[in-house]
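Pasting in a structure now, in structure tokens, and then I'll have a few things to ask.
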Amino acid sequence: MPTFAEELDKLREEGLYRSMRVISGAQGSHVELEGRRVLMLCSNNYLGLADHQALRSAAVMGVAFGVGSGASRLVSGTMELHARLEERIARFKGTERALVFNSGYAANTGIISALVGRGDAIFSDKLNHASIVDGALLSRANFHRFGHRDVAALERLLEEKGGSGRRLIVTDGVFSMDGDIAPLKEMARLARRYDALLMVDDAHGTGVLGATGRGTAELLGVMDDIDIHMGTLGKGLGSFGAYAAASETICDYLVNKARSFIFSTSMPPAVLAPSIAALDLVDSAEGKGLRDRLAANVALFKERLAGAGFDTMGSETQIVPIFVGPADATMRFSQELLEEGIFLQGIRPPTVPAGSCRLRCTIMATHEAADLEAAADTIAHVGKKLGVI
Ligand code: PMP
């Protein structure tokens with residue numbers, strides 16, 4: 001049996017060893033990284049809200065309710081701000097009710113393992129987030145994966161493997177490492193036809209996509225066709241945590257059955273209040289301005305990358321991958337960009353399939369156009385030098 005140290009050495013040899021970089025100061029379009037100011041090109045802080053004054057002030061207001069929440073939700077950890085945030089999310093998503101979870105990871109594992117179990121069936125896109133996969137494994141339901149965005153393959157599976165138990169179709173709204181969008185309209189049609197529940201993880205669409213920032217389902221006109229809207233509060237919304245928005249019955253069921261909801265100390269007030277402020281901001285004229293600016297930044301950056309000859313892997317959103325392939329070349333690319341003042345992490349297995357390593361650029365509303373243009377030119381320069389283009 002290899003020792004832990006030997007396994008770590010093997011990861012190093014394969015170019016798959018990971019470590020963390022420390023940022024000083026706040027998250028923003030530029031950050032201070034190991035003593036240098038660099039352009040941030042790999043944060044999910046899409047609207048720049050993580051350091052927005054309105055969220056900072058809300059966090060301070062939240063502290064008026066103390067720091068810790070003291071207990072899990074069902075014991076004594078449900079505070080007024082939990083109730084207010086959940087009402088606000090339900091209003092935002094147009095559902096009967098919403099529940100907050102301590103993270104997107106906790107939400108997906110908790111929701112999926114509560115809704116289905118032994119003898120039931122889950123139908124999941126191959127590129128769904130790891131937390132969906134872990135929730136599916138935890139549930140002990142039969143787990144069927146279909147090809148990425150392949151609605152015909154999903155239909156075949158529903159026909160052949162539907163079984164007599166509950167059926168759950170689950171998909172990312174925006175795929176986190178590819179930046180493309182799930183065919184929700186067609187999936188909703190199949191969910192109805194095959195009597196399945198449809199759950200959408202909109203971690204990367206929430207606050208960002210759709211005319212009013214309601215997410216991927218709004219963009220595709222299917223807000224009322226999703227049974228469980230899952231989303232996160234720590235990406236576009238700049239705060240922390242996650243939610244499920246659904247019918248009264250499903251939420252009530254989750255309160256009683258979702259283990260990550262039941263058996264964990266609830267989120268603290270200073271994290272809940274900024275989430276409410278973020279939703280108010282998304283609904284304001286400022287929020288609309290941020291979404292417009294983000295869309296303009298994305299268009300500009302993509303055009304520049306395409307002009308340089310990069311493969312952006314079918315991205316349809318603010319997540320813009322640059323395909324590289326091998327792990328070592330990807331990490332060399334990332335390192336050279338850092339030396340040029342651009343923080344852009346390489347993404348390797350197990351986050352993405354082997355041989356499809358990439359630089360995952362994430363565009364923010366608060367990026368300056370000139371900075372994005374200069375960054376795209378630097379990426380092209382380094383990409384040429386390394387033989388990526
Ligand atoms: N779902 C998706 C699609 C994600 O990309 C992520 C975060 N990487 C999560 C869920 C987990 O959310 P959180 O970071 O809040 O745990």
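The values are calculated or read from the model by the stated rules, or taken from the named source; none is laboratory data. Since we're looking at a predicted model, the values are computed, not measured. When we count neighbours, we look across all protein chains shown, and the Cβ atoms used for this are built from the backbone with ideal geometry, even at glycine.
Can you name the residue in the stretch 252-269 that is crowded, with 21+ Cβ neighbours inside 10 Å and more than 16 Å from the ligand (Cβ to nearest atom) and is also nearest to LEU74 (Cα to Cα) among such residues?
Selected residue: LEU254.
Which of the numbered conditions does LYS126 fail, given that it passes all the others? Conditions: (1) touching a residue at least 60 places away in the same chain (Cβ under 8 Å); (2) within 16 Å of the ligand (Cβ to nearest atom).
It fails just one condition, (1).
Can we say THR312 is buried (at least 22 other Cβ atoms within 10 Å of the Cβ) and outside the structural domain of GLY215 (by TED's automatic domain parsing)?
Answer is no for this residue.
Sort out which residues of the stretch 354-389 are of a type in the set (A, V, I, L, M), in contact with a Phe, Trp or Tyr (Cβ under 8 Å, 6 or more places away or on another chain) and not in a helix (DSSP H, G or I), and write them in order of number.
LEU359, ILE363, MET364, ALA365, LEU386, VAL388, ILE389
Sticking with this one: Of these, ARG140, ARG149, which one is within 16 Å of the ligand (Cβ to nearest atom) and at positive phi?
The conditions single out ARG149.
Considering (1) touching a helix residue (DSSP H, G or I) at 6+ places or on another chain (Cβ under 6 Å); (2) surrounded by fewer than 15 Cβ atoms within 10 Å (Cβ to Cβ), say which one VAL382 fails and leave the rest.
(2)
Answer yes or no: is there a residue in the stretch 254-265 that is in contact (Cβ under 8 Å) with a residue 24 or more places away in the chain and out of contact with any Ser or Thr (no Cβ under 9 Å at 6 or more places or on another chain).
yes
Tell me which residues, restricted to the stretch 154-177, are outside any helix (DSSP H, G or I) and more than 11 Å from the ligand (Cβ to nearest atom).
Taking the stretch 154-177 first, the residues outside any helix (DSSP H, G or I) are 162-177.
Correct list: GLY162, GLY163, SER164, GLY165, ARG166, ARG167, LEU168, ILE169.
So, of the residues in the stretch 191-206 that are touching a residue at least 60 places away in the same chain (Cβ under 8 Å) and assigned to a loop (DSSP other than H, G, I, E, B), which turns out to be farthest from THR317 (Cα to Cα)?
Per the stated criteria, the residue is ALA196.
Something else now. Anything in the stretch 94-110 that is away from the ligand (no atom under 16 Å from the Cβ) and either in contact with a Leu (Cβ under 9 Å, 6 or more places away or on another chain) or not in a loop (DSSP other than H, G, I, E, B) (or both)? List them, or say none.
Correct list: ARG97 only.
Sticking with this one: Between THR78, THR109, which is surrounded by 24 or more Cβ atoms within 10 Å (Cβ to Cβ) and modelled with pLDDT of 95 or more?
Working: THR78 fails: surrounded by 24 or more Cβ atoms within 10 Å (Cβ to Cβ).
Checking each option against the conditions leaves just THR109.
Shifting gears a bit: Working carefully through the options SER334, SER264, SER260, find the one that is hydroxyl-bearing (Ser, Thr, Tyr) and within 30 Å of ALA380 (Cα to Cα).
From the options SER334, SER264, SER260, the qualifying one is SER334.
To keep it simple, each residue is scored yes or no on (1) part of a helix (DSSP H, G or I); (2) at positive phi; (3) among the aromatic types (Phe, Trp, Tyr).
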| site | (1), (2), (3) |
| --- | --- |
| ASN297 | yes, no, no |
| LEU305 | yes, no, no |
| THR312 | no, no, no |
| GLU316 | no, no, no |
| VAL320 | no, no, no |
| PHE323 | no, no, yes |
| ASP328 | yes, no, no |
| ARG332 | yes, no, no |
| LEU338 | yes, no, no |
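Residues that are farther than 20 Å from ILE342 by Cα, in contact with a helix residue (DSSP H, G or I) (Cβ under 9 Å, 6 or more places away or on another chain) and of a type in the set (D, E, K, R): does the stretch 21-32 have at least one?
No.
When you go through SER76, SER113, SER69 one by one, which is the residue that is in the same structural domain as ALA244 (by TED's automatic domain parsing), in a helix (DSSP H, G or I) and touching a helix residue (DSSP H, G or I) at 6+ places or on another chain (Cβ under 6 Å)?
Matching residue, one of SER76, SER113, SER69: SER113.
Does the stretch 198-238 hold any residues that are within 14 Å of the ligand (Cβ to nearest atom) and surrounded by fewer than 24 Cβ atoms within 10 Å (Cβ to Cβ), and which are they?
ILE228, GLY234
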